[in-house]
Amino acid sequence: MDIKDRIVVITGAAGGIGRALAVACAEAGARAVVCADLDGEGASATADQVTAAGARGVGRAVNVAREEELQALIDDTEDQVGPIDLFCSNAGISIPGGPEVDNDGWQRIWDINVMAHVFAARHLAPRMIARGGGYFLNTASAAGLLSQVGSAPYAVTKHAAVGLAEWLALTYGDDGIKVSVLCPQAVRTNMTKGKEDHVASVDGMMEPEPVARACLEAIAEETFLVLPHAQVLQYMRNKTENYDRWIGGMRKLNRRFNPKAD
(Lines give C-alpha, C1' and ligand atoms only; values in the text may rest on other atoms or scores of the structure.)
Protein backbone atom coordinates (compact mmCIF):
# COMPACT_ATOMS: atom_id res chain seq x y z
CA MET A 1 0.00 0.00 0.00
CA ASP A 2 1.13 3.51 -0.86
CA ILE A 3 0.33 5.87 2.02
CA LYS A 4 -0.12 8.85 -0.31
CA ASP A 5 -3.69 10.19 -0.23
CA ARG A 6 -4.77 7.50 2.25
CA ILE A 7 -6.91 7.89 5.34
CA VAL A 8 -5.18 6.48 8.41
CA VAL A 9 -6.36 5.83 11.97
CA ILE A 10 -3.82 5.30 14.75
CA THR A 11 -4.58 4.32 18.34
CA GLY A 12 -2.12 5.02 21.12
CA ALA A 13 -1.21 8.14 19.16
CA ALA A 14 -0.51 10.56 22.02
CA GLY A 15 3.18 9.60 22.12
CA GLY A 16 5.82 7.04 21.37
CA ILE A 17 5.37 4.79 18.35
CA GLY A 18 1.85 6.06 17.72
CA ARG A 19 2.90 9.70 17.47
CA ALA A 20 5.90 8.82 15.29
CA LEU A 21 3.64 6.77 13.00
CA ALA A 22 1.17 9.63 12.68
CA VAL A 23 3.83 12.14 11.68
CA ALA A 24 5.51 9.64 9.34
CA CYS A 25 2.20 8.97 7.57
CA ALA A 26 1.60 12.70 7.16
CA GLU A 27 5.09 13.21 5.77
CA ALA A 28 4.50 10.30 3.37
CA GLY A 29 1.50 12.11 1.91
CA ALA A 30 -1.50 10.71 3.79
CA ARG A 31 -4.67 12.69 3.20
CA ALA A 32 -5.79 12.47 6.83
CA VAL A 33 -4.53 10.89 10.03
CA VAL A 34 -6.98 10.34 12.89
CA CYS A 35 -5.04 10.24 16.15
CA ALA A 36 -6.79 8.38 18.97
CA ASP A 37 -5.68 7.89 22.54
CA LEU A 38 -7.04 7.64 26.07
CA ASP A 39 -5.11 10.89 26.55
CA GLY A 40 -7.29 13.15 24.43
CA GLU A 41 -5.05 16.20 24.84
CA GLY A 42 -2.05 14.18 23.73
CA ALA A 43 -3.98 12.89 20.73
CA SER A 44 -4.89 16.44 19.75
CA ALA A 45 -1.27 17.53 20.11
CA THR A 46 -0.24 14.74 17.72
CA ALA A 47 -3.01 15.80 15.33
CA ASP A 48 -1.52 19.30 15.34
CA GLN A 49 1.84 17.82 14.33
CA VAL A 50 0.11 15.89 11.55
CA THR A 51 -1.46 19.10 10.25
CA ALA A 52 1.91 20.85 10.39
CA ALA A 53 3.35 18.00 8.32
CA GLY A 54 0.81 18.58 5.57
CA ALA A 55 -2.07 16.19 6.24
CA ARG A 56 -5.42 16.65 7.92
CA GLY A 57 -4.99 15.82 11.59
CA VAL A 58 -7.88 14.79 13.80
CA GLY A 59 -7.52 14.10 17.53
CA ARG A 60 -9.89 11.81 19.44
CA ALA A 61 -10.10 10.68 23.05
CA VAL A 62 -10.77 6.93 22.88
CA ASN A 63 -10.55 4.09 25.37
CA VAL A 64 -9.69 1.13 23.14
CA ALA A 65 -10.70 -1.32 25.87
CA ARG A 66 -14.32 -0.31 25.27
CA GLU A 67 -15.78 -1.77 22.10
CA GLU A 68 -18.40 0.96 21.74
CA GLU A 69 -15.70 3.65 21.72
CA LEU A 70 -13.68 1.90 19.02
CA GLN A 71 -16.82 1.35 17.00
CA ALA A 72 -17.67 5.04 17.32
CA LEU A 73 -14.13 5.96 16.24
CA ILE A 74 -14.52 3.87 13.09
CA ASP A 75 -18.08 5.05 12.37
CA ASP A 76 -17.28 8.73 12.90
CA THR A 77 -14.09 8.58 10.84
CA GLU A 78 -15.84 6.95 7.89
CA ASP A 79 -18.77 9.39 8.12
CA GLN A 80 -16.79 12.60 8.66
CA VAL A 81 -13.34 11.98 7.16
CA GLY A 82 -13.71 9.14 4.67
CA PRO A 83 -13.17 5.39 4.22
CA ILE A 84 -10.34 4.11 6.39
CA ASP A 85 -7.50 2.69 4.29
CA LEU A 86 -5.06 1.86 7.10
CA PHE A 87 -5.92 1.14 10.73
CA CYS A 88 -2.94 1.09 13.07
CA SER A 89 -4.04 -0.71 16.24
CA ASN A 90 -1.13 0.46 18.33
CA ALA A 91 -2.33 1.08 21.90
CA GLY A 92 -0.89 -1.24 24.54
CA ILE A 93 0.10 -1.53 28.19
CA SER A 94 2.42 -3.64 30.32
CA ILE A 95 1.83 -5.11 33.78
CA PRO A 96 4.64 -6.79 35.75
CA GLY A 97 4.17 -10.09 37.54
CA GLY A 98 2.95 -13.61 36.94
CA PRO A 99 -0.14 -15.64 37.84
CA GLU A 100 -0.42 -13.65 41.06
CA VAL A 101 -1.52 -10.54 39.13
CA ASP A 102 -5.15 -10.00 40.12
CA ASN A 103 -8.03 -10.71 37.77
CA ASP A 104 -8.69 -7.03 37.14
CA GLY A 105 -5.10 -6.58 35.95
CA TRP A 106 -5.28 -9.60 33.67
CA GLN A 107 -8.60 -8.42 32.24
CA ARG A 108 -7.37 -4.87 31.66
CA ILE A 109 -4.27 -5.90 29.75
CA TRP A 110 -6.26 -8.48 27.80
CA ASP A 111 -8.82 -5.89 26.76
CA ILE A 112 -6.19 -3.38 25.62
CA ASN A 113 -3.51 -5.65 24.14
CA VAL A 114 -5.82 -8.17 22.47
CA MET A 115 -9.50 -7.27 22.39
CA ALA A 116 -8.84 -3.80 20.98
CA HIS A 117 -7.43 -5.53 17.88
CA VAL A 118 -10.48 -7.79 17.78
CA PHE A 119 -12.87 -4.85 18.07
CA ALA A 120 -11.14 -2.97 15.26
CA ALA A 121 -11.29 -5.98 12.94
CA ARG A 122 -14.88 -6.76 13.92
CA HIS A 123 -16.16 -3.34 12.95
CA LEU A 124 -13.79 -2.39 10.13
CA ALA A 125 -12.91 -5.59 8.24
CA PRO A 126 -16.44 -6.02 6.77
CA ARG A 127 -16.34 -2.45 5.45
CA MET A 128 -12.91 -2.99 3.94
CA ILE A 129 -13.99 -6.25 2.34
CA ALA A 130 -17.08 -4.61 0.85
CA ARG A 131 -14.97 -1.97 -0.89
CA GLY A 132 -12.23 -4.33 -2.05
CA GLY A 133 -9.58 -4.16 0.64
CA GLY A 134 -7.69 -2.29 3.31
CA TYR A 135 -4.80 -2.61 5.71
CA PHE A 136 -4.33 -3.41 9.40
CA LEU A 137 -1.07 -2.66 11.21
CA ASN A 138 -1.27 -4.28 14.65
CA THR A 139 1.37 -3.49 17.24
CA ALA A 140 2.46 -6.54 19.22
CA SER A 141 6.02 -7.01 20.52
CA ALA A 142 9.05 -9.23 20.24
CA ALA A 143 7.58 -10.66 23.46
CA GLY A 144 4.79 -12.07 21.29
CA LEU A 145 7.34 -14.10 19.33
CA LEU A 146 9.70 -14.91 22.19
CA SER A 147 8.53 -14.11 25.75
CA GLN A 148 8.83 -11.43 28.42
CA VAL A 149 10.93 -11.92 31.53
CA GLY A 150 9.06 -10.54 34.54
CA SER A 151 5.62 -10.17 32.96
CA ALA A 152 3.35 -13.10 32.21
CA PRO A 153 0.40 -10.83 31.28
CA TYR A 154 2.49 -9.01 28.69
CA ALA A 155 3.98 -12.19 27.20
CA VAL A 156 0.60 -13.92 27.00
CA THR A 157 -1.32 -11.01 25.50
CA LYS A 158 1.36 -10.19 22.96
CA HIS A 159 1.44 -13.84 21.84
CA ALA A 160 -2.32 -13.60 21.40
CA ALA A 161 -1.96 -10.37 19.41
CA VAL A 162 0.47 -12.06 17.01
CA GLY A 163 -1.87 -15.04 16.70
CA LEU A 164 -4.80 -12.79 15.84
CA ALA A 165 -2.78 -10.91 13.23
CA GLU A 166 -1.80 -14.21 11.62
CA TRP A 167 -5.45 -15.30 11.55
CA LEU A 168 -6.60 -12.04 9.99
CA ALA A 169 -3.91 -12.28 7.32
CA LEU A 170 -4.67 -15.86 6.31
CA THR A 171 -8.45 -15.47 6.52
CA TYR A 172 -8.98 -12.12 4.82
CA GLY A 173 -6.03 -12.00 2.44
CA ASP A 174 -8.12 -13.23 -0.46
CA ASP A 175 -10.59 -10.43 0.27
CA GLY A 176 -7.96 -7.76 -0.29
CA ILE A 177 -7.10 -7.11 3.35
CA LYS A 178 -3.41 -6.90 4.14
CA VAL A 179 -1.97 -7.24 7.63
CA SER A 180 1.35 -6.36 9.22
CA VAL A 181 2.29 -7.02 12.84
CA LEU A 182 4.91 -4.87 14.56
CA CYS A 183 7.19 -6.79 16.94
CA PRO A 184 9.97 -4.55 18.28
CA GLN A 185 12.12 -4.98 21.33
CA ALA A 186 12.63 -1.94 23.57
CA VAL A 187 11.49 1.39 22.11
CA ARG A 188 11.86 4.68 23.95
CA THR A 189 8.28 5.37 25.06
CA ASN A 190 6.42 6.03 28.30
CA MET A 191 6.08 2.26 28.70
CA THR A 192 9.84 1.76 28.81
CA LYS A 193 10.71 4.90 30.80
CA GLY A 194 12.98 3.95 33.68
CA LYS A 195 13.59 0.49 32.20
CA GLU A 196 16.61 1.36 30.06
CA ASP A 197 18.59 -1.43 31.74
CA HIS A 198 15.82 -4.04 31.62
CA VAL A 199 15.85 -7.27 29.63
CA ALA A 200 14.10 -5.88 26.54
CA SER A 201 16.94 -3.37 26.20
CA VAL A 202 19.77 -5.90 25.97
CA ASP A 203 20.11 -5.06 22.27
CA GLY A 204 19.64 -1.33 22.82
CA MET A 205 16.74 1.09 23.08
CA MET A 206 15.37 2.21 19.72
CA GLU A 207 13.78 5.60 19.12
CA PRO A 208 10.16 5.65 17.86
CA GLU A 209 10.98 7.34 14.55
CA PRO A 210 12.99 4.49 12.97
CA VAL A 211 10.30 2.08 14.18
CA ALA A 212 7.70 4.15 12.32
CA ARG A 213 9.85 4.15 9.19
CA ALA A 214 10.16 0.35 9.40
CA CYS A 215 6.37 0.14 9.57
CA LEU A 216 5.88 2.27 6.47
CA GLU A 217 8.46 0.21 4.59
CA ALA A 218 6.62 -2.98 5.57
CA ILE A 219 3.29 -1.51 4.50
CA ALA A 220 4.74 -0.44 1.15
CA GLU A 221 6.07 -3.96 0.60
CA GLU A 222 3.03 -5.61 2.25
CA THR A 223 5.30 -7.56 4.60
CA PHE A 224 3.59 -9.33 7.48
CA LEU A 225 6.29 -9.32 10.16
CA VAL A 226 7.84 -5.96 11.07
CA LEU A 227 11.10 -6.41 12.99
CA PRO A 228 12.86 -3.08 13.63
CA HIS A 229 15.36 -5.02 15.78
CA ALA A 230 16.71 -7.37 13.12
CA GLN A 231 18.24 -9.78 15.66
CA VAL A 232 14.76 -10.88 16.74
CA LEU A 233 14.54 -13.02 13.60
CA GLN A 234 17.58 -15.02 14.70
CA TYR A 235 16.16 -15.35 18.20
CA MET A 236 13.01 -16.82 16.64
CA ARG A 237 15.09 -19.28 14.67
CA ASN A 238 17.00 -20.27 17.79
CA LYS A 239 13.73 -20.86 19.60
CA THR A 240 12.23 -23.11 16.95
CA GLU A 241 15.50 -24.96 16.30
CA ASN A 242 15.87 -26.14 19.89
CA TYR A 243 13.07 -25.14 22.25
CA ASP A 244 14.70 -26.62 25.37
CA ARG A 245 17.98 -24.83 24.74
CA TRP A 246 16.09 -21.58 24.14
CA ILE A 247 14.19 -21.95 27.42
CA GLY A 248 17.51 -22.57 29.17
CA GLY A 249 18.84 -19.31 27.78
CA MET A 250 15.71 -17.47 28.84
CA ARG A 251 16.08 -18.89 32.35
CA LYS A 252 19.52 -17.29 32.49
CA LEU A 253 17.99 -13.96 31.51
CA ASN A 254 15.32 -14.46 34.14
CA ARG A 255 17.93 -15.04 36.85
CA ARG A 256 19.75 -11.90 35.72
CA PHE A 257 16.82 -9.52 35.36
CA ASN A 258 14.24 -11.08 37.66
CA PRO A 259 16.35 -12.46 40.53
CA LYS A 260 13.45 -12.71 42.98
CA ALA A 261 11.95 -15.42 40.81
CA ASP A 262 14.37 -17.91 42.42
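The values are calculated or read from the model by the stated rules, or taken from the named source; none is laboratory data. Computed from a prediction, not measured in an experiment: that's the story for all the values here. Using ideal geometry, Cβ is built from the backbone for each residue, glycine included, and neighbour counts are taken over all protein chains shown. For accessibility, only protein heavy atoms count, side chains too; no ligands or nucleic acids. Shrake-Rupley method; radii C 1.70, N 1.55, O 1.52, S 1.80 Å.
Binning the alpha carbon pair distances of the chain at 5 angstrom intervals from zero yields the distribution 1, 6, 13, 18, 20, 17, 11, 7, 4, 2, 0, 0, expressed in whole percent. The phi-based Karplus calculation (6.51 cos²θ - 1.76 cosθ + 1.60; θ = phi - 60°) puts the 3J(HN,Hα) values of the stretch 71-88 at 4, 5, 4, 5, 4, 5, 4, 5, 7, 9, 10, x, x, 6, 8, 9, 10, 9 Hz, whole numbers, x for Gly and Pro.
Over the chain, Cα pairs under 8 Å with separation of 6+ residues give a relative contact order of 17 percent. Taking the C-alpha atoms only, the angle from helix 231-241 to the longest principal axis of the chain is near 60 degrees. In this calculation the C-beta distance from Asp104 to Ala230 is compared with R0 = 35 Å, giving a FRET efficiency of 0.40.
Pairs of Lys residues in the chain, spaced 8 or more positions apart or belonging to different chains, with C-alpha separations under 21 angstrom: 9 in total. In the full protein context, the stretch 17-75 carries 40 Å² of accessible surface per residue, based on a 1.4 Å probe and ignoring ligands, DNA and RNA. Rounded to the nearest 10 degrees, the inclination of helix 16-27 to the longest alpha-carbon principal axis of the chain is 30 degrees. By accessible area, using a 1.4 Å probe on protein heavy atoms only, the chain has 49% of its surface on carbon and sulfur.
The ellipsoid equivalent to the alpha-carbon distribution of the stretch 80-129 has semi-axes of 30, 10, 7 angstrom, derived from the gyration tensor eigenvalues as √(5λ) and listed largest first. The angle between the Cα long axis of helix 243-257 and the longest principal axis of the Cα atoms of the chain comes to about 90 degrees, rounded to the nearest 10.
Annotation: peptides 76-86, 17-27, 107-117, ranked by per-residue average of other Cβ atoms within 10 Å with the highest first, follow the order 17-27, 107-117, 76-86.
With the simple model of a label 7 Å out from the Cα in the direction of the Cβ, Asp79 to Asn258 spans 4.5 nm. Sorting the Cα pairs of the stretch 12-101 by distance into bins of 5 Å, from 0 upward, gives 3, 15, 25, 25, 16, 7, 4, 3, 2, 0 percent per bin. With the gyration tensor restricted to C-alpha atoms of the stretch 38-191, the semi-axes of the equivalent ellipsoid amount to 26, 20, 15 Å, longest first.
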